[in-house]
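Report on the structure given below.
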Amino acid sequence: MYGNLALLAGFVLVYSIVAGRMQRSLVGGAIAFTAFGLLFGPAGLGLLQLAIKSEGLRLLAELALALVLFTDAANVEIPVLKRSLAIPVRLLLVGLPLTIVLGFVAGAMIFDHLDVIEVALLATILAPTDAALGKAVVTNPAVPSTISSSLNVESGLNDGICVPIVLLLLVLATEAAVSEAPVAMALMIFGEEIGIGLVVGLACTALTVPAVRFALARGWTDPVWLQFTVPALALLCFGAAQASGGSGFIACFVGGLATGALIRHHKHAILSPAEGIGETLALLTWVVFGAVVVGQARDVFSLPVVLYALLSLTFIRMVPVLLSLTGTGLSSGDKLFIGWFGPRGLASVVFTVIVLNEGVAGGGTLAATAVWTIVLSVVAHGLSAGPLAAALAKHEHSTG
């Protein structure tokens, strides 16, 4: 245990010192931490012995996604969004559904042993993009602000939109075998999870934010402890909703949106501690992902799995983006750039772990396909972020 702690702490220490340089290079955090887990884990040198079971990985990944969902939703700037509303709205309301549909069609053609619900699960698991993996693009000053803000809003909200779809499909997949009316049962459970999640998220936020304002006005707060307010609120939303039979992810998503709307002054300063904790948990998830999941995925390498992974990162993502952005005035190069930068990451990891834990019949194939898609995405999008951003800036300058 102490050897694992020393090895992991040493790596985090080194990375923290050079994080700014790494994020500007071809090797971002997800690549570095996944590679570290793979290299030092059981499939590599065997120095990092993580005796973590599926429940432990699920808890780590869920907490990371809960914080990311909350802070991403809270960071949405409504005035900024209104100024460039057309692109992210099209990506979310047209591009995302088309991506799921196209992913379903491709999955049905490639995996003939999966049933309809399992194929739909696979398409939805791999539909959301990862804001953290796209940070090298959205924070690059060379990328036009319209494109970077649109990608940021899309990746910040599409995982929250996919949560209820995954929940509904999971209920359908698991209840079909035990219920005479699986659709009715699924809709009832789905409604309960969404409704409870909404109520819990709004209630926790409505009680917390006024209390914080009241305490701030009277000087009752402490600067050190105030850093824990938002992380604690996010985890309260998640835990209370899950314990009540609702969706913790919906609660965090709704609670984050409400918090962002209620806290307008110094919002980013208040949210930054939660963002730091969320990013730390996400990077630890990538270490476990590299050490435990990727190492095992080598045994399920197959042509259909890799074919779907490649299609997911290209055709399945890019065609819906191109169609959804028709008529926006963006150049073909801009549309292709947006279509390419749809990295898969934390949300897909969490959805995959949940599917495995729920015992879905085709869970092995779903997990293998998701893992290889994520691995290829981490490498391909990580390595191409800098060069393609520079190429886009050069093209914009020459045509501007």
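Considering segment 125-147, the residues that are at pLDDT 70 or above, small (Gly, Ala, Ser) and part of a loop (DSSP other than H, G, I, E, B) include one that is surrounded by the most Cβ atoms within 10 Å (Cβ to Cβ), namely ALA127. Cβ separations smaller than 8 Å between residues 6+ apart or across chains give the following pairs from segment 4-19 residues that are small (Gly, Ala, Ser) to residues that are in a helix (DSSP H, G or I): ALA19/GLY29.
Among the residues of this structure, SER302 counts as one that is surrounded by fewer than 18 Cβ atoms within 10 Å (Cβ to Cβ) and either hydroxyl-bearing (Ser, Thr, Tyr) or within 18 Å of the chain's Cα centre (by Cα) (or both). Scanning segment 217-234 for residues that are more than 23 Å from the chain's Cα centre (by Cα), in a helix (DSSP H, G or I) and small (Gly, Ala, Ser) yields a single hit, ALA217. Scanning segment 18-50 for residues being in a helix (DSSP H, G or I) and either modelled with pLDDT of 80 or more or in contact with a strand residue (DSSP E or B) (Cβ under 9 Å, 6 or more places away or on another chain) (or both) gives a total of 10. Using the structure shown, decide if LEU157 is at pLDDT 65 or above, crowded, with 22+ Cβ neighbours inside 10 Å and either in contact with a strand residue (DSSP E or B) (Cβ under 8 Å, 6 or more places away or on another chain) or assigned to a helix (DSSP H, G or I) (or both). So LEU157 fits the description; yes.
Pairs are defined by a Cβ separation below 9 Å, a sequence spacing of at least 6 or placement on different chains, a first member in segment 84-111 that is in a helix (DSSP H, G or I) and aromatic (Phe, Trp, Tyr), and a second member that is surrounded by fewer than 21 Cβ atoms within 10 Å (Cβ to Cβ) and modelled with pLDDT under 95; the pairs so defined are PHE104/VAL116.
Which residues, counting only those in segment 283-311, are hydrophobic (A, V, I, L, M, F, W, C), within 18 Å of GLY41 (Cβ to Cβ) and modelled with pLDDT of 75 or more?
Selection gives LEU283, LEU284, TRP286, VAL287, VAL288, PHE289, ALA291.
Does segment 348-379 hold any residues that are modelled with pLDDT under 85 and out of contact with any Ser or Thr (no Cβ under 8 Å at 6 or more places or on another chain), and which are they? Those that are modelled with pLDDT under 85 and out of contact with any Ser or Thr (no Cβ under 8 Å at 6 or more places or on another chain): VAL350, THR352, ILE354, VAL355, ALA361, GLY362, GLY363, GLY364, VAL379.
Scan segment 226-247 and give yes if some residue there is on the phi > 0 side of the Ramachandran plot and in contact with a helix residue (DSSP H, G or I) (Cβ under 7 Å, 6 or more places away or on another chain), otherwise no. Yes; the residues of segment 226-247 include at least one that is on the phi > 0 side of the Ramachandran plot and in contact with a helix residue (DSSP H, G or I) (Cβ under 7 Å, 6 or more places away or on another chain). For segment 383-393, indicate whether the set of residues that are outside any loop (DSSP other than H, G, I, E, B), among the polar types (S, T, N, Q), closer than 24 Å to ALA64 by Cα and touching a residue at least 24 places away in the same chain (Cβ under 8 Å) is non-empty. No, because not a single residue in segment 383-393 is outside any loop (DSSP other than H, G, I, E, B), among the polar types (S, T, N, Q), closer than 24 Å to ALA64 by Cα and touching a residue at least 24 places away in the same chain (Cβ under 8 Å). Among the numbered criteria (1) surrounded by fewer than 24 Cβ atoms within 10 Å (Cβ to Cβ); (2) under 19 Å from the mean Cα position of the chain (by Cα); (3) of a type in the set (A, V, I, L, M, F, W, C); (4) farther than 30 Å from ALA368 by Cα, which single criterion is violated by VAL288? It fails just one condition, (4). Right, PHE214: in a helix (DSSP H, G or I) and surrounded by 14 or more Cβ atoms within 10 Å (Cβ to Cβ) or not? So PHE214 fails the test. Can you find even one residue in segment 359-380 that is in contact (Cβ under 8 Å) with a residue 24 or more places away in the chain, over 22 Å from GLY107 (Cβ atoms) and touching a helix residue (DSSP H, G or I) at 6+ places or on another chain (Cβ under 9 Å)? There is at least one residue in segment 359-380 that is in contact (Cβ under 8 Å) with a residue 24 or more places away in the chain, over 22 Å from GLY107 (Cβ atoms) and touching a helix residue (DSSP H, G or I) at 6+ places or on another chain (Cβ under 9 Å).
Taking the stated definitions as given, is LEU122 modelled with pLDDT of 80 or more, hydrophobic (A, V, I, L, M, F, W, C) and assigned to a helix (DSSP H, G or I)?
Numbers: modelled with pLDDT of 80 or more: yes; hydrophobic (A, V, I, L, M, F, W, C): yes; assigned to a helix (DSSP H, G or I): yes.
Here the answer is yes, as LEU122 does meet what is asked.
Based on what the data block shows, is LEU102 crowded, with 24+ Cβ neighbours inside 10 Å, out of contact with any Phe, Trp or Tyr (no Cβ under 7 Å at 6 or more places or on another chain) and of a type outside the set (Phe, Trp, Tyr)? Explain how you work it out, then say what you get.
Numbers: crowded, with 24+ Cβ neighbours inside 10 Å: no; out of contact with any Phe, Trp or Tyr (no Cβ under 7 Å at 6 or more places or on another chain): yes; of a type outside the set (Phe, Trp, Tyr): yes.
Considered against the rule, which asks whether it is crowded, with 24+ Cβ neighbours inside 10 Å, out of contact with any Phe, Trp or Tyr (no Cβ under 7 Å at 6 or more places or on another chain) and of a type outside the set (Phe, Trp, Tyr), LEU102 comes out as no.
GLU193 falls short on exactly one of the conditions (1) part of a helix (DSSP H, G or I); (2) under 19 Å from THR71 (Cα atoms); (3) among the charged types (D, E, K, R), and that condition is (2). Each residue in segment 51-74 was checked for being surrounded by fewer than 17 Cβ atoms within 10 Å (Cβ to Cβ) and either among the hydrophobic types (A, V, I, L, M, F, W, C) or at pLDDT 85 or above (or both), and 3 pass.
Within segment 327-342, is there a residue that is surrounded by 15 or more Cβ atoms within 10 Å (Cβ to Cβ) and closer than 22 Å to LEU65 by Cβ? Scanning segment 327-342, I find at least one residue that is surrounded by 15 or more Cβ atoms within 10 Å (Cβ to Cβ) and closer than 22 Å to LEU65 by Cβ, so the answer is yes.
The values are calculated or read from the model by the stated rules, or taken from the named source; none is laboratory data. It should be emphasised that the depicted structure is a prediction, and the values quoted were computed from it without experimental measurement. Ideal geometry is used to build each Cβ from the backbone, glycine not excepted, and the neighbour counts take in all protein chains shown.
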